[in-house]
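Bear in mind these aren't lab numbers, they're just calculated from the coordinates by the rules spelled out. The structure displayed is predicted, hence computed values, not measured ones. With ideal geometry, Cβ positions are generated from the backbone for all residues, glycine too; neighbour counts draw on all protein chains shown.
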Amino acid sequence: MIHSFRPSIFHKKMNDSVARNLVAIRWIEPSRIVFKLSEPVMKQIDSGVEPDSEWDQRIQVFDETMKHTSIALHFLEKIPWVETPLFEHYRMRLKSGETVRGQETIEDVASLYETRMERLYRELASHGISKLRIYRSNLQESPWVALDRNRQVLFGSQGNHRLSIAKVLGLKSFPVWVVGTYRKPKKRIST
């Protein structure tokens, strides 16, 4: 196998309690996070499976994602949660028998968002993201990024709501941990 993803020591040892305590958080400006990795790549990285050599090319524009669009519509244009694209997606999931964030009805999901997301928005608007909150949080729920072949930040699977709210609020710093970087695949030497 030709390796193109170099995991950080912290990602390799994510379940190791020592690594959880030593993880180095990097603070970056939210506006620098332009792209998000595709779902399949994020799932591979989350599960510890090394993605293929083109992993950093399968991306989407973060500000065009359904979650970010819906959060921006809600907080900037005062659109009710239930009228956002995200909630249309949630309705389809609920219709198919899935639960959404542990909820079985769209009303319950909306209530959850009205409580948790509104509280998160107020907290970030008032205090930003505190270092204490980050270091006390579960590492596996911490926002993570990977660096592509041009050293550009690619957002991962955790913290979409937090990053979207940080962008909406125009916060100047956002904590992430780097799970890996692109590594140019080595050419095979034929004998």
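Annotations
- Calculated FRET efficiency for the pair residue 38/residue 99, C-beta based, R₀ 22 Å, to 0.05: 0.40
- Estimated FRET transfer efficiency when R0 is 35 angstrom, pair residue 184-residue 64 (beta carbons, to 0.05): 0.75
- Flagged links, alpha-carbon separation over 24 Å, of 43/67; 67/167; 43/172; 95/167; 36/95: 43/172; 95/167; 36/95
- Cα gyration tensor, the stretch 41-180 - rounded (a/c under 1.5), prolate or oblate: oblate
- Sequence-distant residues sharing a close amide H with residue 144 (under 5 Å, placed H): 156, 157, 158, 177
- Model label sites at residue 89 and residue 49, defined 7 Å from Cα along the beta-carbon direction, differ in position by 2.1 nm.
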